[in-house]
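Asks: Okay, handing you the structure first.
The values are calculated or read from the model by the stated rules, or taken from the named source; none is laboratory data. What you are looking at is a predicted structure, and each value in this text was computed from that prediction instead of being measured. Note: ideal-geometry Cβ built from the backbone for every residue, glycine included; neighbour counts use all protein chains shown. Surface areas here come from the heavy atoms of the whole protein model, side chains and all, with no ligands, DNA or RNA. Shrake-Rupley method; radii C 1.70, N 1.55, O 1.52, S 1.80 Å.
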Number of protein chains: 2
Amino acid sequence: MNLRDLRYLLAVAEHEHFGRAARACGISQPTLSVQIRKLEELMGVALFERTSKTVAPTFACQQLIGHARAAVTATEAILATARNLRDPLAGRFRLGIIPTLAPYLLPLVFAPLREALPALELEPWEDQTSALLGRLRAHELDAALLATEVDGPDLVSQPLFAEPFLAALPPDHPLAACEVVAETDLTRDMLVLADGHCLREQTMEACGQSEALGGTLRAASLPTLLNMVAAGYGTTLIPGLAAGAALDAGIVLRPLAARAGRTVRIAWRAHFPRRPAVEAVGEVIANRLRGFAEGAAAGTV
Amino acid sequence: MNLRDLRYLLAVAEHEHFGRAARACGISQPTLSVQIRKLEELMGVALFERTSKTVAPTFACQQLIGHARAAVTATEAILATARNLRDPLAGRFRLGIIPTLAPYLLPLVFAPLREALPALELEPWEDQTSALLGRLRAHELDAALLATEVDGPDLVSQPLFAEPFLAALPPDHPLAACEVVAETDLTRDMLVLADGHCLREQTMEACGQSEALGGTLRAASLPTLLNMVAAGYGTTLIPGLAAGAALDAGIVLRPLAARAGRTVRIAWRAHFPRRPAVEAVGEVIANRLRGFAEGAAAGTV
DNA sequence: GGATGCGATAGGCTTGGCCTATGATGAAAG
DNA sequence: CTTTCATCATAGGCCAAGCCTATCGCATCC
């Protein structure tokens, strides 16, 4: 059975006239007659009682028409829904973001994204890198903003902008007197984030350090880490976009001598079909952050 | 778009594997790939994200699947309903019956009909001949039991059985003394039914009378007419099947000299497609009433 | 590095739907 | 009573769409 046949059935039932129904369907009357006849043979039931003057749906036909109409409207709903989904720059877009980036980047890019991609329903999802990659591979995210390269052939990524690190010091720290701080000078009393944050390894690597100090003091989040630095527990590196929050917490920031930093990238599945959306989102973010690296690395905001 | 394509879509979404989905659909894998590709082009949306290892429905696909399933189940409902409607001897059968026949015939034929045609849902409809013919032509009845011939090329009929008339007399009527009553002897004080009952004209014709007597006394129904006769208002002819009711009312019945009577027929639209049902019903009734005419005409039950 | 599994592509075949032309039938009109 | 008209059914030919087998491209696994 064919959807077209159901349309024909509905047309004949509505017009009660083969010629007019055929015209309404855009086919010739003989074609319609043949198709209805086939349908009747398939069903094993007479659908219409024909005379040379009248065409009347049988009781059986009336019983079937409801289902036929349901099928036809359902397929029309499919087409209508597909029309709405056609634009790759429209609809839900689930974007993963690492925790050391989300609270500082999102306020900057929300408005530009809304303006550039008004139909895109952005759903941010904050989680650590490995969780984001898992969700990405599980099709639970459409893309992710990370600060690391991605491995494997199933995922691809593209750099969006460079984010320099800054030395974060308690106000009364000796290094606060310097204009510029060498990364290696922070090793002595450096605090880091808890396991799982990519910023943790990046901080330690930038300072040439393999084992974390501070004993059990491993902050679960960047705000906590900032509070710990402000309270004088030690020093750390913070990503440039967090500078404002750090200053608010009463922390002294200094540029780094070796200009250590990280690259924020957008990652997605290699076969993800809405690549235009990924690229559009990446482009808006990159544009918004263009020139940020130089300013941040040089003058601490 | 084709229903088949929707089935393919559902199969791929369910199996997440083209080869297995193709096997489930009974087609080859290349065919399935091509059809899904076509569907994607028609929709303008990627439906599946393919790698060499995995096939995952896109978000758009998930939105469409519900409608697709609705369409497929609706068409399956069509086929299932059609299967149930396939037997012409099953299902609703609206049978019109004239009022001077219904209450006396139905008790006789209900049981045989139920036994011979257990799947037929008989819906009797009692009305006068012209109303029955109108409803028949309007497709509001499937057949009708009448005591007249039908005119017009759109309706056809077949005789079922002959029903003799009987003279109905008050117990103290002079003619009650006779073994046999001549139709013309009843003319003097004959009562008839109201307009619209075919029995009215048939009675008058049988007695060679063109104008009804009895003034305004025209019974609206046969039971009323019987009561009037029993009360001594006059005489009349009754159809043989009503003999029992007449005797119960205290009326004397006598066979008629000229053996006047009527023929009960079943009528239906010439193009009515469930002719087997009509013929089966007619046959059951004719069989039940076989031999009735001789017995009734001779010995008054 | 060959073997394996999967989806995509190519080419040929057959079915099915469509058309025009014509037939059959019944009703209305001359 | 015959003609004409309207309607649905049938016939024959054409073409697109769907299907199959064979093969390719790609990635993974041993």
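Asks: Being open to solvent by less than 60 Å² (accessible area, probe 1.4 Å) and within 10 Å of DNA strand D (Cβ to nearest atom) narrows it down to one of A:SER33, A:SER52, so name that one.
Replies: The conditions single out A:SER33.
Asks: Right, another one. If I go through the range A:84-106 residue by residue, how many of them are open to solvent by less than 10 Å² (accessible area, probe 1.4 Å) and either free of Cβ contacts under 8 Å to residues at least 60 places away in the same chain or facing chain B (nearest Cβ under 7 Å) (or both)? Before the answer, list the steps.
Replies: Start the filter on the range A:84-106 by keeping residues that are open to solvent by less than 10 Å² (accessible area, probe 1.4 Å), which leaves A:93, A:95-98, A:100-102, A:105.
From the residues that got through so far, the ones that are either free of Cβ contacts under 8 Å to residues at least 60 places away in the same chain or facing chain B (nearest Cβ under 7 Å) (or both) too are A:96-97, A:102.
Number satisfying all stated conditions: 3.
Asks: Still on this model: For residues that are part of a helix (DSSP H, G or I) and among the aliphatic types (A, V, I, L, M), scanning just the range A:165-196, find the one that is least open to solvent (accessible area, probe 1.4 Å). Working first, answer last.
Replies: Going residue by residue through the range A:165-196, those that are part of a helix (DSSP H, G or I) are A:174-177, A:183-189.
If we keep only those that are among the aliphatic types (A, V, I, L, M) as well, we get A:175-177, A:186.
On the way: A:LEU175: 25, A:ALA176: 17, A:ALA177: 90, A:LEU186: 0 Å².
Per the criteria, the residue is A:LEU186.
Asks: Here is a list of conditions, (1) open to solvent by less than 30 Å² (accessible area, probe 1.4 Å); (2) closer than 30 Å to A:ALA280 by Cβ; (3) in contact with a Gly (Cβ under 6 Å, 6 or more places away or on another chain), and A:ALA162 meets all of them except one; can you say which number that is?
Replies: (1)
Asks: Any residue in the range A:7-33 that's assigned by TED's automatic domain parsing to the domain that holds A:THR54: show its pairings with residues that are of a type in the set (Phe, Trp, Tyr) and within 12 Å of DNA strand D (Cβ to nearest atom) at Cβ separation under 7 Å, as long as the two are six or more apart or on different chains.
Replies: Going by the 7 Å Cβ cut-off, the qualifying pairs are A:VAL12/A:PHE18; A:VAL12/A:PHE48; A:CYS25/A:TYR8; A:GLN29/A:PHE18; A:LEU32/A:TYR8; A:LEU32/A:PHE18; A:SER33/A:PHE18.
Asks: Considering every residue within the range A:45-59, establish whether at least one is touching a Pro at 6+ places or on another chain (Cβ under 8 Å) and within 14 Å of DNA strand C (Cβ to nearest atom).
Replies: yes
Asks: Can I ask one more? When only residues in the range A:134-158 that are touching a residue at least 24 places away in the same chain (Cβ under 8 Å) and in a helix (DSSP H, G or I) count, which is surrounded by the fewest Cβ atoms within 10 Å (Cβ to Cβ)? If you could, list the steps in order and put the result at the bottom.
Replies: Let us first name the residues in the range A:134-158 that are touching a residue at least 24 places away in the same chain (Cβ under 8 Å), namely A:135-137, A:139-150, A:153-158.
Still in the list and also in a helix (DSSP H, G or I): A:135-137.
Values: A:ARG135: 17, A:LEU136: 23, A:ARG137: 14.
Selected residue: A:ARG137.
Asks: Among what's in the range B:20-30 and is more than 7 Å from DNA strand C (Cβ to nearest atom) and open to solvent by 30 Å² or more (accessible area, probe 1.4 Å), pick the residue that is nearest to A:LEU155 (Cα to Cα).
Replies: By that ranking, first place goes to B:ARG20.
Asks: Would you pick out the residues in the range B:56-83 that are more than 8 Å from chain A (Cβ to nearest Cβ) and crowded, with 21+ Cβ neighbours inside 10 Å?
Replies: Answer for the range B:56-83, where residues must be more than 8 Å from chain A (Cβ to nearest Cβ) and crowded, with 21+ Cβ neighbours inside 10 Å: just B:CYS61.
Asks: Ok, one more. When the residues of the range B:1-19 are narrowed to those that are surrounded by 15 or more Cβ atoms within 10 Å (Cβ to Cβ) and more than 14 Å from every other protein chain (Cβ to nearest Cβ), which ends up farthest from DNA strand C (Cβ to nearest atom)?
Replies: Applying the filter and picking the extreme gives B:ALA11.
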